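The values are calculated or read from the model by the stated rules, or taken from the named source; none is laboratory data. Bear in mind the structure is a predicted one, so any value in this text is a computation, not a measurement. In this analysis, Cβ positions are derived from the backbone assuming ideal geometry, glycine residues included, and neighbour counts consider all displayed protein chains. When the accessible area is computed, the model is the full protein with side chains, heavy atoms only, and any ligands, DNA or RNA have been set aside. Shrake-Rupley method; radii C 1.70, N 1.55, O 1.52, S 1.80 Å.
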Amino acid sequence: MTDPTTDKAGLTKLAGDPRASLESLRAEIAKAVVGQDPAVTGLVVALLCRGHVLLEGVPGVAKTLLVRALASALELDTKRVQFTPDLMPSDITGSLVYDTRSAEFSFQPGPVFTNLLLADEINRTPPKTQSALLEAMEERQVTVDGTPRPLPEPFLVAATQNPVEYEGTYPLPEAQLDRFLLKLTIPLPSRENEIDVLTRHASGFDPRDLRAAGIRPVARPADLDAARAAVAATTVSPEITAYVVDICRATRESPSLTMGVSPRGATALLSTARAWAWLTGRDYVIPDDVKALALPTLRHRVQLRPEAEMEGVTADSVINAVLAHVPVPR
């Protein structure tokens, strides 16, 4: 790990390669969030792949704090939107406002104009507003009154869903779920981690004051740009490409599924495997990289048959069965 240096603002930063900077995110975010290393890694992978993340977990497992801590450690702007049934598309994207002084309409940007947008409980808002956000995610711009306005770069949407409440919700259709690069499950903490959380709060930890918690920027957008270039140069052999295709095609033949992984999902799995390979210190992809990212990349891209759900089959169990069945290239 490269020795840290200090800039004029007194912020800690690493004067080294982008991989070392991004690896240091885990330790930095752990100052505020306990026991969520896989979610941190998933968010970093999504940033490297220029994708978006669906976070699923019960209330109170630090989903909001996780995104805020990541933004602080990367020195990025972040905003949070609580999705409600009366939220309008313009509340997300922005709108034209009449200025009486200039007698002209001016554009007032919505919260989507940020680097990390936390879309809290995205399934509580109607499809029209969901679609407005998903269009901005895909196009990376907002068009108002015929004028396209590009979103900041980097741009990541972390949308949350509560897995235990369904009344008064508008579940995302499969075609829209497919727009998310990863679906990360945020589990309840272990007993040891929960004791650590309570100990921190008893010692005065304030989740609204991340600076007091000691979180400092350890990577910059320039590090992210360099990392993306390195990921793009990571070698993928024809055997690995065929392995990814075979996994995705096998899901389409599973008797437990009504819908398997699309070619877009196969492309996503290849991208996330490359990012993971680079993060782990290699410039080439191996089968274990594909296996490591298969669940978060594919679990929301398949649809279970009703009879399989009644028998307790889950998307994760189907994907794990596929991984165990598809021959691994040597």
Only helices counted: for the chain, with every DSSP H run of 4 or more residues adding -39500 (n - 2.57) and the sum spread over all residues, [θ] at 222 nm is -13000 deg cm²/dmol
Taking the simple approach of a point 7 Å from Cα along Cα-to-Cβ for both residue 192 and residue 30, what is their distance in nm? 1.1
In nm², the average projected area of the convex hull spanned by the Cα atoms of region 68-202 is 11.6
Could you work out what % of the accessible surface of the chain is carbon and sulfur, using a 1.4 angstrom probe and leaving DNA, RNA and ligands out of the count? 53
Provide the gained length on full extension for the span residue 145 to residue 174, in nm with one decimal, where the gain is 0.36 nm per separating residue minus the Cα-Cα distance. 7.5 nm
Could you tell me the calculated FRET efficiency between residue 37 and residue 106, based on Cβ-Cβ distance and R0 = 41 angstrom, to the nearest 0.05? 0.40
In Å², and per residue, what accessible area does region 65-142 have when probed at 1.4 Å with the other protein chains present? 45
For the peptides 133-140, 101-108, what is the packing order when you average, over each peptide's residues, the other Cβ atoms within 10 Å and list the highest mean first? 133-140, 101-108
Stokes-Einstein, Kirkwood over Cα pairs, region 238-321, 25 °C, 0.890 mPa s; D in µm²/s equals 188
I need the peptides 119-127, 321-329 ranked by packing, meaning the mean over residues of other C-beta atoms within 10 angstrom, with the highest value on top. 119-127, 321-329
I'd like to compare 171-180, 285-294, 190-199: which one has the highest average count of other Cβ atoms within 10 Å, and what's the full order after that? 285-294, 171-180, 190-199
Nitroxide proxy distance, nm - points 7 Å out along Cα→Cβ at residue 222 and residue 86: 4.7
Top of 93, 258, 84 by mean-square fluctuation, Gaussian network on the chain, Cα under 10 Å: 258
Toy charge model, Lys and Arg Cβ at +1, Asp and Glu Cβ at -1: region 73-160 dipole around Cα centroid in debye, rounded to 20, equals 100
With N residues in region 186-330, what two-decimal value do you get for its Cα radius of gyration over 2.2 N^0.38 Å? 1.35
Could you check the simple spin-label distance between residue 17 and residue 307, using points 7 Å along Cα→Cβ, in nm with one decimal? 5.3
Extension gain (nm, one decimal) between residue 209 and residue 236, 0.36 nm per residue minus Cα-Cα: 5.5 nm
Quick one, which of (1) 174; (2) 278; (3) 163 is the actual volume of the Cα convex hull per residue in Å³ calculated for this model? (1)
Residue farthest toward the positive end of the dipole of region 213-292, with Cβ of Lys/Arg at +1 and Asp/Glu at -1: which of 254, 270, 218? 218
